[in-house]
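J.: Input: one structure, supplied below.
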Amino acid sequence: MKQFRRWAFWRRVQYVSGTTVFLGLLITLVVFVFFPDKSNCFDAIMSGDERGIDCGGSCVRICAADVLPPEVQWVKSFEITPGQYNAVAYVENKNITAATRELRYTFELLNGGQVITRRSGSTVLPPNSVYPIFEGRIFTDSQVVTDTRLIIEEAEVWQPATLGREQFRTSNISLLSADVRPRLEVAIENTELTPAERVEVVATLFNDANEPLTASQTFIETIEPRSTQNIVFTWPQSIARTVRSCIIPTDVVLAIDLSGSMNNDGGTPPQPVTDALAAASNFAKNLKATDKAGVVTFARDAFVPTELTSGHESTAAQIDGLTIAPADETSFTNTSAALEVAASELNSVRHNPDARRVLILLTDGLPTAPDGAPDPVAAAIARASELRTSGIDVYAIGLGQSVDQAFITSLATDSTQAYLAPSRTDLTRIYEEITSSLCESGTARIDVIAKTETNFTPLR
């Protein structure tokens, strides 16, 4: 009897144990299916309160369906040296908190609709603002870029970011040596209580029409909390001719034809030279205090009666006092010499390295000198090309009804800087247009935008 009771007891133990194990497994299964652990945010399946695979709900990762895609505001390539470009785009992230550590993209540089070259990369895209994408030193095998495209891939991971552009504040922005070794000096402040690491900063310069003109990039390893660092952006060549804002002063040489033909209209005082000098004198008076002006006169030879100076009233008075020398009444017109002497003055120690270099040449006819030159016209055109290549901005004014338009256009930097003045009364208007061209009416905008991945919420 005792033996039977012991057997029955162990049978009950086995039943209870089996039932307990079964219920335990059942409960575990229910908890696993209906109450998943947060670790399932990385199990590559959609479960629990997730709105997508491993995203949404209690997961840190944000589902792509809940994110507004980035929008390209503009994209452009800037020639830095012949055959070398910086490609820049402004991309807006309209999401208040959603950001991505890795936004993949491809720049395509084109000429006449044909892709010259491509450059791919990835960048961080913080939330709630516009951010630049920058790729520098893109070589085109000497081909000119006429258009640029940006292709953005769909980001694989979106996650919350605590801060955007408001983390950084810039001040003391100063553009220096724009015509020699351009540098933009900026003070950048980290306004937060945490350090910012691996900070990418892009500076973009705009004209008064809000069109981007050029850009540069720099990196900062760390900006400590509530601290400011001074940073510098550089360019390998002059940007003074590109940036026509009044923030850049102008060094200008007025090259004035004083050959005998400038007296051909006769009269007292003689014309058209008198009105030509009056228009040039008025131009000099209207220059800014930070500008410099010099004067070159030319007939058989070229001379510098006024070196570069900021004394504009004195320069204007000297222009008013110029006359045609009797020996030049029947002499040659040496345009090549005028271009050479003007270039020498603009490259002299008197040139302000912060200023753009400009030559405004006025003539009433084709060159007939230098003596012995087989083709004085071709010589002058070649010399003007040398000036343009060296960074000097050339404006050319042709005075009179019979002036050669093609020759005047060939001297100027481009066709918009070539002017025809059929009548001497047109000169005042032309000089006013040149003044406006040199210094735009509005103030240039300089954007300095920083971005970092420091403030992203960790996924785990």
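The values are calculated or read from the model by the stated rules, or taken from the named source; none is laboratory data. All figures in this text were calculated on a predicted structure; none of them were measured in a lab. Heads up, the Cβs are rebuilt from the backbone with ideal geometry, glycines too, and the neighbour counts pull from every protein chain shown. SASA here: full protein model, heavy atoms, side chains in, ligands and nucleic acids out. Shrake-Rupley method; radii C 1.70, N 1.55, O 1.52, S 1.80 Å.
J.: Could you give each residue of region 188-194 its phi-based ³J(HN,Hα) in whole Hz, using Karplus coefficients 6.51, -1.76, 1.60 with θ = phi - 60°, and x for Gly or Pro?
T.: 10, 10, 8, 7, 8, 8, 10
J.: For region 379-460, what is the accessible area per residue in Å², given a 1.4 Å probe and the full set of protein chains?
T.: Roughly 44 Å² per residue, with all protein chains present.
J.: Right, another one. Using the basic label-point model (7 angstrom from Cα toward the beta carbon), what is the residue 146 to residue 307 distance in nanometres?
T.: For residue 146 paired with residue 307, the spin-label model returns 4.7 nm.
J.: Please determine, in degrees from 0 to 90 and to the nearest 10, the orientation of helix 376-389 with respect to the longest principal axis defined by the Cα atoms of the chain, where the helix direction is its Cα long axis.
T.: 30 degrees
J.: Sorted from largest down, give the three principal axis spans of the alpha carbons of region 248-327, whole angstrom values.
T.: Largest to smallest, the principal-axis extents are 40, 24, 18 Å.
J.: I need the Kirkwood Rh of region 249-403: take the reciprocal of the average 1/r across all distinct C-alpha pairs and report it in angstrom. Please report the intermediate quantities before stating the final value.
T.: Working: mean 1/r = 0.0644 Å⁻¹.
Every distinct Cα pair counted, the radius reaches 15.5 Å.
J.: Dividing the convex hull volume of the alpha carbon atoms of region 319-376 by its residue count, what do you get in Å³ per residue? List each step's numbers first, then the result.
T.: Working: hull volume 7.7 nm³, N = 58.
Looking at region 319-376, the number lands at 133 Å³ per residue.
J.: By average Cβ neighbour count within 10 Å, what is the ranking of 147-153, 85-91, 406-412 from highest down? Let's see the in-between values first.
T.: Working: 147-153: 16.0, 85-91: 22.4, 406-412: 19.3.
The peptides rank, most packed first, as 85-91, 406-412, 147-153.
J.: Another one. Would you grab the residues whose amide H sits under 5 Å from the one on residue 292? Only those 5+ places off in sequence or on another chain, please, with H modelled 1.01 Å from N.
T.: Here 250, 251, 252 satisfy the definition.
J.: How big is region 44-101 in terms of Cα radius of gyration and Dmax, in angstroms?
T.: 18.0, 58
J.: Now, a different point. Taking a quarter of the surface of the Cα convex hull of region 112-270, what do you get in nm²?
T.: Values: hull surface 64.8 nm².
Taking a quarter of the hull surface, the average projection is 16.2 nm².
J.: Given the DSSP H assignment, sum -39500 (n - 2.57) over each helix run of at least 4 residues in the chain and divide by its residue total; what's the result at 222 nm in deg cm²/dmol, nearest 500? Walk me through the numbers before you get to the answer.
T.: Numbers: 7 runs with 100 residues, N = 460.
Only helices count here, giving -7000 deg cm²/dmol.
J.: Taking every DSSP beta bridge that has both residues in the chain, what percent is antiparallel when rounded to the nearest 5?
T.: Values: 76 of 100 bridges.
Percent antiparallel among DSSP bridges in the chain is about 75.
J.: What are the ³J(HN,Hα) values, in whole Hz, obtained from phi via the Karplus relation 6.51 cos²θ - 1.76 cosθ + 1.60 with θ = phi - 60°, for each residue of region 256-263 in sequence order, with x given for Gly and Pro?
T.: Values, residue by residue: 10, 6, 10, 6, x, 5, 6, 9 Hz.
J.: When a/c reaches 1.5 or more, the comparison of a/b and b/c decides; with that in mind, is region 121-191 rounded, prolate or oblate per its Cα gyration tensor?
T.: Details: a/c = 3.33, a/b = 1.09, b/c = 3.05.
It comes out oblate by the Cα gyration axes.
J.: Using the alpha-carbon atoms, what tilt in degrees (0 to 90, nearest 10) does helix 273-285 show relative to the longest principal axis of the chain?
T.: 40 degrees
J.: Please report the carbon-and-sulfur percent of the accessible area for the chain; probe 1.4 Å, protein heavy atoms only, DNA, RNA and ligands left out.
T.: Details: 11890 of 22720 Å².
Exposed carbon and sulfur together represent 52 percent of the surface.
J.: Related question: For region 176-236, report the convex hull volume of the alpha-carbon atoms normalised per residue, in Å³, without decimals.
T.: 95 Å³
J.: Something else about it: Which three extents, in whole angstrom, do the alpha-carbon atoms of region 357-460 cover along their principal axes, largest first?
T.: That gives 81, 34, 19 Å along the principal axes, largest extent first.
J.: Compute the Cα gyration tensor for region 95-145, then decide on rounded, prolate or oblate, letting a ≥ b ≥ c be the square roots of its eigenvalues: rounded whenever a/c is under 1.5, prolate when a/b is larger than b/c in the other cases, and oblate in all that remain.
T.: Numbers: a/c = 3.28, a/b = 2.80, b/c = 1.17.
Prolate, because a/c is 1.5 or more and a/b exceeds b/c.
J.: Let me ask something additional. Once both labels are modelled 7 Å past Cα along the beta-carbon direction, what's the residue 58-residue 169 spacing in nm?
T.: In this crude spin-label approximation the distance works out to 4.1 nm.
J.: While we're here: So how tilted is helix 2-34 from the main axis of the chain? Cα-based, degrees 0 to 90, rounded to 10.
T.: 20 degrees
J.: With 20 Å bins from zero, work out the P(r) of the chain over every alpha carbon pair and list the percent per bin.
T.: Percent of pairs per bin, in order: 20, 36, 23, 11, 5, 3, 2, 0.
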